[in-house]
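Right, one structure below, let's go through it.
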Amino acid sequence: MDELDRRITEALRADEAEQYARLDPEVPPWEMVFETFRGRNRWLNMLISFWMLVFFGLAVWCLVQFFRTDEVRPALTWGLGFLFFMTGSAFLKVWWWMEMQKNSIIREVKRVELQLASLASRADA
């Protein structure tokens, strides 16, 4: 926690400081992954993770078949299958990372909202 975060936490009342601590910006990566399974889009994230695993499994299968074949035409077919499924898996993974980044940005916005609400309540008092 840097100096600014420490001063903000000290300025907040006890109940506000507890809410502020729950919105910690330093979330471990595994928690960010599991966070995508909570919320409104959890069914979509589960579906995407399923297809990500399926595409990766098919890519590995195509790669194994590529190295088992001795002829050129089937090797090209298995190689193109590998490229297709790895590209699909990569696109889905990028989408997943964007979801995790979105959740991180929402967490930061909520921190700013909490700070503004605290400042507004002090200004009114």
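Which length gain, in nm to one decimal place, applies between Val72 and Leu116 when the Cα-Cα distance is subtracted from 0.36 nm times their residue separation?
Details: separation 44, 0.36 × 44 = 15.84 nm, distance 6.54 nm.
Residue separation times 0.36 nm, minus the Cα-Cα distance, leaves 9.3 nm.
3J(HN,Hα) couplings calculated from phi for the stretch 99-113 with the Karplus curve 6.51 cos²θ - 1.76 cosθ + 1.60 (θ = phi - 60°) are, in sequence order, 5, 5, 5, 4, 4, 5, 5, 4, 4, 5, 5, 5, 4, 5, 4 Hz; Gly and Pro show x. Given q = 0.12, 0.25, 0.26 Å⁻¹, what are the Debye log10 I(q)/I(0) values for the stretch 47-125, with equal point scatterers placed on the Cα positions and solvent ignored? Each listed q maps to, in turn, -0.54, -1.02, -1.06. Taking other residues whose beta carbon is less than 12 angstrom from the beta carbon of Asn103, and scoring Lys, Arg as +1 and Asp, Glu as -1, yields +2. A simple spin-label model places the labels of Val27 and Ile106 0.8 nm from each other, with each point 7 Å out along Cα-to-Cβ. Backbone geometry of the stretch 76-91 corresponds, through the Karplus equation with coefficients 6.51, -1.76 and 1.60 at θ = phi - 60°, to 3J(HN,Hα) couplings of 5, 4, 5, x, 5, x, 4, 4, 4, 6, 5, 5, x, 5, 5, 4 Hz, x marking Gly and Pro.
Around Ser49, with a cut-off of 12 angstrom between Cβ atoms, what is the net charge of the other residues, counting Lys and Arg +1 and Asp and Glu -1?
Details: positive: Arg42, Lys93; negative: Glu99.
Taking every other residue near Ser49 into account, the sum is +1.
Bear in mind these aren't lab numbers, they're just calculated from the coordinates by the rules spelled out. The model shown is predicted, which means the values in this text are computed figures rather than measured ones. Quick reminder, even Gly has a Cβ in these numbers, built from the backbone with ideal geometry, and neighbours come from all protein chains shown.
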